[in-house]
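Q: Sharing a structure here in structure tokens format.
Derivation of every value follows stated rules applied to the coordinates shown; laboratory data play no part. Model, not experiment: these values are computed from the prediction. Reconstructed Cβ throughout: ideal geometry from the backbone, glycine too, with neighbour counts over all protein chains shown.
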């Protein structure tokens, strides 16, 4: 295992990856979303998408301690269970697609999903979907598949949640709770399919401290009356991550 950690420490661009996961943690802490939108474009520039997804899922365990205790009591349990149940089924299919897809194509897919989501968020586009059990199941399934394929578990849910009538606190709590729990559940699902190699585990453990620190700082910054400021900062960071992660750089 020591040798695996040494290899992880020698990853090209490790400093950028650690900086990206710290920024992702800060945004996730105060906005409840955006972590993968920041991390994946940058990380996939230096390491395979599959490795980035596995490492980030492990690093995301930090949010279970820093964010989840405050957000879990605010969510509606039954809708959350429906979405998670559907996502667990579809994320396995997404991981299967991930393992058999072209690396460059996956990088472009990550950039495309991030860019479309950012444009939709900045433009204020929302799709008002009735919050029925069926729609929540479809939402969870779509979120799981996109997450398993690209590591981007947030975009589908974010656009749905931001169009809801929930308060700022509950909307943030729903996003943060679902994304945290799904990331945790992805770990054994990836391991079963052989998509979580030792070097991804080692990198994930390296990501834990900066991500935890970022989440802690972001959570302490959260103020419901500053929603516009938080989203503006998050959008700016996501845009920078997209530009840095473009496959044209190498």
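Q: Starting from the Cα gyration tensor of the stretch 64-194, take the square roots of the eigenvalues, sort them a ≥ b ≥ c, and report rounded, prolate or oblate (rounded when a/c is under 1.5, otherwise prolate if a/b is larger than b/c, else oblate).
A: Numbers: a/c = 1.75, a/b = 1.27, b/c = 1.38.
Note, shape of the stretch 64-194 comes out oblate.
Q: Next up: Sort 104, 168 so the one with the fewest other Cβ atoms within 10 Å of its own Cβ comes first.
A: The fewest-first ordering by Cβ neighbours comes to 104, 168.
Q: Compute the Cα gyration tensor for the stretch 133-243, then decide on rounded, prolate or oblate, letting a ≥ b ≥ c be the square roots of its eigenvalues: rounded whenever a/c is under 1.5, prolate when a/b is larger than b/c in the other cases, and oblate in all that remain. Before the final figure, lay out the partial values.
A: Details: a/c = 1.94, a/b = 1.24, b/c = 1.57.
Here the stretch 133-243 falls in the oblate category.
Q: May I ask for the angle, rounded to the nearest 10°, between helix 198-221 and the longest principal axis of the chain, with both axes built from Cα atoms and the value confined to 0 to 90°?
A: Value to nearest ten degrees: 40.
Q: Continuing with the same structure: How would 53, 17, 38 line up from fewest to most surrounding beta-carbon atoms within 10 angstrom? Walk me through the numbers before you get to the answer.
A: Working: 53 33, 17 26, 38 29.
In increasing order of surrounding Cβ atoms, one gets 17, 38, 53.
Q: Relative to the first principal axis of the alpha-carbon coordinates of the chain, what is the inclination of helix 49-59, with its axis defined by its Cα atoms, in degrees from 0 to 90 and to the nearest 10?
A: 70 degrees
Q: Sticking with this one: Listing 117, 232, 2 from the residue with the fewest other Cβ atoms within 10 Å to the one with the most, what is the order? Working shown, then result.
A: Details: 117 21, 232 12, 2 7.
Going from sparsest to densest Cβ surroundings: 2, 232, 117.
Q: On a 0 to 90 degree scale, rounded to 10, what angle separates helix 133-150 from the longest Cα axis of the chain?
A: Tilt of helix 133-150: around 20 degrees.
Q: Next question, about the same structure. Which order, highest average first, do 86-93, 25-32 follow once you tally other Cβ atoms within 10 Å for each residue and take the mean per peptide? Let's see the in-between values first.
A: Numbers: 86-93: 19.9, 25-32: 27.8.
So the order, starting with the most tightly packed, is 25-32, 86-93.
Q: With springs only between Cα atoms under 10 Å apart, run a GNM on the chain and tell me which of 191, 64, 109 wobbles the most.
A: Largest GNM mean-square fluctuation: 191.
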